[in-house]
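Step one of this worksheet: look at the structure below.
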Amino acid sequence: MKKINMNEASAIVGGTTTCVNSFELNLVGDATVCNAVKTCTDKNGVVTKTFTAAAIINCGNVG
């Protein structure tokens, strides 16, 4: 039987991480800001979100 490392095993057992990118409007104080949101789900179903500031134009019509 061949030995494999953890990276190889995680890809075989249960699949891999899936990510979706989107944009979201948020209210910070009195200002409306646009964030790029990266939502990832790992092989165990754990969801993580990463927010990064983005140009307001990316969030569509504002106002």
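Using beta carbons and a limit of 6 Å, which pairs, at least six apart or on different chains, have the first residue in region 15-33 and modelled with pLDDT under 95 and the second one among the acidic types (Asp, Glu) and surrounded by 10 or more Cβ atoms within 10 Å (Cβ to Cβ)?
From region 15-33, the pairs are Thr17/Asp42.
Those residues that are within 12 Å of Ile56 (Cα to Cα) and among the acidic types (Asp, Glu), I need them from region 20-37; list them, please.
Hit for region 20-37 is Glu24, nothing else.
The values are calculated or read from the model by the stated rules, or taken from the named source; none is laboratory data. All values derive from a computational prediction rather than experimental measurement. Virtual Cβ from ideal backbone geometry, glycine too; neighbours counted across all protein chains shown.
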